[in-house]
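Below you'll find the structure, written out as structure tokens, and then a few comments.
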Amino acid sequence: MTPSAARQPDAVWGSGPNVFTLATGSPGELGLLEALATDFARTHNATVRWFKAGSGQAMKLLQERKVDMVLAHAPPAERKAVADGWATGRSLIGSNEFWVVGPAEDPAGIATATDVVEAFKRIQDRGAKFVSRGDNSGTHQKESEVWRAAGRTPGGAAYVVTKDFMTASMRRANDEGGYFLTDSSTFIAERRNMPKLKLLFRGGEMLLNPYHTLYLTQPSTGAGTARQFGAYLATERVQAVMRDFGRTQQGEAMYNDAAATAKVVKD
């Protein structure tokens, strides 16, 4: 199954006859998907075609039958897709966290907030700049959830919408002195390139960021191989790769495995 001719894969790994397409965002940007897909292609005589997309767009591609599976981090939308009947196979594969980063001087004083909801209230109430992806990605959906919980509607000149991916949006925050909601893995990988940003707030159940697989209820052309990839992600060997990924290059692991995630994530 291949998306329309207007768009080509962002990366292709392997050259075997067992072909499937996958959409996801940050795991592809940060190299985790490449490490896993290259190994899977070798061991399963497969070709993995990746389409870079935030969770909202990735799930749209899946629903339109333009990809065979997604790795998503938007639990409410995932649950709705399964309840609506068009998606299936939702399985936890691991997680990271959401962090709020911003200028080291912390003009909104969020470092002393009691929770992320209070942090967002302070950002808006003090007129501080906030950079939003604004793209219906999993990160943007989480940001919107926090704004709703805070009873705030973001907008105005201090609210900068990028319609871009994680790293590019974080760079805007770095360059323009704004706050930004990022996944922890991207900040770990990019912090050396974002010298003006500091981790200012983390922690709490709301900022957990689990990833799940999803497939079509009515199988697509590459569904068989896609399902094999999902099963591969659940193996202990691959889970060990996930929980150690980034440690050598970044000095700390960038992801949690499924077992550790299941202890703190309700679904």
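Within region 167-189, count every residue that is surrounded by fewer than 17 Cβ atoms within 10 Å (Cβ to Cβ) and within 20 Å of Pro27 (Cβ to Cβ). Within region 167-189, residues that are surrounded by fewer than 17 Cβ atoms within 10 Å (Cβ to Cβ) and within 20 Å of Pro27 (Cβ to Cβ) number 1.
Table: residues versus (1) among the polar types (S, T, N, Q); (2) farther than 27 Å from Arg79 by Cα; (3) touching a residue at least 40 places away in the same chain (Cβ under 8 Å); (4) surrounded by fewer than 21 Cβ atoms within 10 Å (Cβ to Cβ).
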position: Arg7; (1), (2), (3), (4): no, yes, yes, yes
position: Val12; (1), (2), (3), (4): no, yes, no, yes
position: Gly16; (1), (2), (3), (4): no, yes, no, yes
position: Thr21; (1), (2), (3), (4): yes, no, yes, no
position: Gly28; (1), (2), (3), (4): no, no, no, no
position: Thr38; (1), (2), (3), (4): yes, yes, no, yes
position: Ala46; (1), (2), (3), (4): no, yes, yes, no
position: Gly54; (1), (2), (3), (4): no, no, yes, no
position: Leu62; (1), (2), (3), (4): no, no, yes, no
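Of the listed requirements (1) over 30 Å from Ala46 (Cα atoms); (2) hydroxyl-bearing (Ser, Thr, Tyr); (3) outside any loop (DSSP other than H, G, I, E, B), Tyr211 misses just one: (1).
Please go through region 148-166 and give me each residue that is surrounded by fewer than 18 Cβ atoms within 10 Å (Cβ to Cβ) and in a helix (DSSP H, G or I), ordered by number. Once the filter is applied, which keeps residues that are surrounded by fewer than 18 Cβ atoms within 10 Å (Cβ to Cβ) and in a helix (DSSP H, G or I), region 148-166 yields Arg148, Ala149. For region 208-238, the set of residues classified as more than 30 Å from Asp84 (Cα to Cα) and in contact (Cβ under 8 Å) with a residue 40 or more places away in the chain consists of Val238 only. With the structure loaded, tell me whether Arg90 is at pLDDT below 95 and either more than 23 Å from Gly203 (Cα to Cα) or among the β-branched types (Val, Ile, Thr) (or both) or whether it fails that test. No; evaluated as a whole, the condition is false for this residue. The single residue among Val19, Val82 that is among the hydrophobic types (A, V, I, L, M, F, W, C) and within 22 Å of Asp267 (Cβ to Cβ) turns out to be Val82. Taking (1) in contact with a strand residue (DSSP E or B) (Cβ under 7 Å, 6 or more places away or on another chain); (2) modelled with pLDDT under 95 in turn, Met242 satisfies each apart from (2).
The values are calculated or read from the model by the stated rules, or taken from the named source; none is laboratory data. If you're wondering where the values come from, they're calculated on a predicted model, not measured in any experiment. With ideal geometry, Cβ positions are generated from the backbone for all residues, glycine too; neighbour counts draw on all protein chains shown.
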